[in-house]
């Protein structure tokens, strides 16, 4: 019996996967003991890093005939390969390469000799169970498990892979002995590009500090929730990690009913139109006050079609931030069994090759986009082809003078995949995402990760690019490069980072290496943004000297980022304000520490 939901149908471990879902949970439960009481302290953390290069290449290619809707008889006798994944538009390329849920006549999967079934599964715990069942049968001597409840490969949001792989690894070690079986990321076939988002009143975008004290409904652990938390951290806002409490000095996350992203949207709508409220225990500085407060839902974190539902029903709400700004945060990754793939390398390589080829056809030819939307609708069995076609491109609407955005996904061709993993331009965007999430898991210990899982599988253990690099007969364009020539004018986020310098010096102390690494990772994930870096000091010393010191400290941060590969023309402004703009009391030690800071602003 599971101990979380008190059900005989799920194990406690499965329930843990359901609750956490993906990376979102890495920031969801930071607990420590107050005198006599256990509650969470609101945290102001450094967000996941952004990178401004938009991975979006188009390789000229001769048009390939569209796949039919007729199930292929040519490959029906070949071993069946099952791939399970969320209902998600960023999977369009791999789905159309198969012609739909089963390999069709004339499809790229058929041409590459594959018999593939793509299965919709929206529960992370069930994806894990399908892979565990596959491994059980494989361990018993079956090279191609035939059970309809097994899957050799799954497709999930890549920012959730560190938790997913690390958690499953512990169970694999317990079931089969240490390191007998492993899950690995074999590549990426798409990307969320606006679909996952935070929705709220427009002042949250123009003045992020106005979010303080807000209550946001979200599915803990999903990528849209992560985007929301990153936006808070990048703007210097505290996040209350305890969903049962309310902190007026922080942004509060309320778990939507049934961990359902559509409920996130519905709870916001009910709150704004029918007076729906939630009762929360009041907390201040990590201590329960003994009072309860009743609060409405002020915003939600959701994705398509939840975003369309909100904008259809409500007036006065817009998308605040999305994966279009955090453009490298959420890839669609394929995760498979290392030991099975080693025995069947041609299959893994040809799955990737088929998906990446179909994606490039979608980039070049409109009727391939249309055919992809038809294949997606047939595979997911929700909405229709026209809906998926429009939402893949992204839609914009206006209501009462407010403009909002819905949907938005991308697919990867071979050049995109090679660039995303740094194989063509040396900037491994996914490694930055993976390592950042791993740091969150170990340092913040959400839901007892350190006790329940033990450790994060390293990037080198969890990511295997052999099969991607093994594709040698596919056209590829040169890696796309971001254009930073234009002046950016719109502020995406502006946050204050505490970088420790030696007294009176611009030398960065080693204690700040983790914070600098987090800034870099945030830049990698928001690769389309330009930057301003401004240094500040306390009032110790001469004002003129402090002005020069603050500029030198800003430059020291820039120099670190440049040596990590961030291009010089991405920095729109490097400046210092000396002691002129204090945020703390210079008469106290803690106030002086607050004033010694570097402000990083992301512009788009």
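The modelled label-to-label distance for the pair residue 136/residue 490, using points 7 Å beyond Cα in the direction of Cβ, is 5.0 nm.
How large is log10 of I(q)/I(0) for segment 196-322 at q = 0.17 Å⁻¹ when the intensity is taken from the Debye formula with one equal scatterer per alpha-carbon? Summing over Cα pairs of segment 196-322 leads to -0.79.
What percent do you get for the relative contact order of segment 491-603 when only Cα pairs under 8 Å and 6+ apart count? Let's see the in-between values first.
On the way: 211 pairs, mean separation 45.9, N = 113.
Reported as a whole number, the value is 41 percent.
Rounded to the nearest 5, what is the percent of antiparallel bridges among the DSSP beta bridges in the chain?
70
Kindly express, to the nearest 10 degrees and within the range 0 to 90, the angle between helix 429-444's C-alpha long axis and the longest C-alpha principal axis of the chain. Orientation of helix 429-444: about 60 degrees from the principal axis. Within segment 196-322, antiparallel bridges make up roughly 60 percent of the DSSP beta bridges whose residues both belong there. By definition, a body whose alpha carbon gyration tensor gives a ≥ b ≥ c is prolate when a/c is 1.5 or more and a/b is larger than b/c, and segment 491-603 fits this prolate description. Relative contact order of segment 344-462, taken over Cα pairs closer than 8 Å and 6 or more residues apart, is 15 percent.
Sort 157-167, 571-581 by packing, meaning the average of other beta carbons within 10 Å per residue, with the highest value first. Kindly include the intermediate steps, with their values, before the conclusion.
Details: 157-167: 27.3, 571-581: 17.0.
Put in order of decreasing packing, that is 157-167, 571-581.
Between segment 401-425 and segment 119-173, what is the separation of their alpha carbon centroids in Å? Spelled out, the Cα-based centre of one part sits 26 Å from the other.
Classify segment 326-469 as rounded, prolate or oblate, taking a ≥ b ≥ c as the square roots of the eigenvalues of its Cα gyration tensor: rounded when a/c is under 1.5, otherwise prolate if a/b is larger than b/c and oblate if not. Write out the running numbers ahead of the final one.
Numbers: a/c = 1.96, a/b = 1.30, b/c = 1.50.
In terms of gyration-tensor shape, oblate.
Placing pseudo-labels 7 Å out from each Cα toward the beta carbon at residue 249 and residue 105 gives an inter-label distance of 7.0 nm. The angle separating the long axis of helix 513-525 from the principal Cα axis of greatest extent in the chain is about 50 degrees.
Centre-to-centre separation between the Cα atoms of segment 528-604 and those of segment 219-261: 28 Å.
Roughly what % antiparallel, to the nearest 5, for the DSSP beta bridges in segment 491-603?
Working: 14 of 19 bridges.
Restricted to segment 491-603, the bridges split so that about 75 percent are antiparallel.
Using 0.36 nm per residue and subtracting the Cα-Cα separation, the extra length available between residue 509 and residue 61 on full extension is 156.2 nm.
I'd like the FRET efficiency for residue 78 and residue 544, computed as 1/(1 + (r/R0)^6) with the beta carbon distance as r and R0 of 60 Å, rounded to 0.05.
Numbers: r = 76 Å, r/R0 = 1.27.
E(calc), rounded to 0.05, equals 0.20.
Each peptide in 194-206, 328-340, 396-408 gets a packing score, the mean of other Cβ atoms within 10 Å over its residues, and the list from highest to lowest is 328-340, 194-206, 396-408. Let a ≥ b ≥ c be the square roots of the eigenvalues of the Cα gyration tensor of segment 507-558; is it rounded (a/c under 1.5), or, if not, prolate (a/b larger than b/c) or oblate? Verdict is oblate for segment 507-558. Against the chain, whose longest principal axis comes from its Cα atoms, helix 366-380 is set at around 90 degrees.
Note: relative contact order over the chain, using C-alpha pairs below 8 Å and six or more positions apart, is 21 percent.
Bear in mind that the values in this text are calculations on the coordinates, not laboratory data. All figures in this text were calculated on a predicted structure; none of them were measured in a lab. Note that each Cβ is placed from the backbone with ideal geometry, even for glycine, and that neighbours are counted across all protein chains shown.
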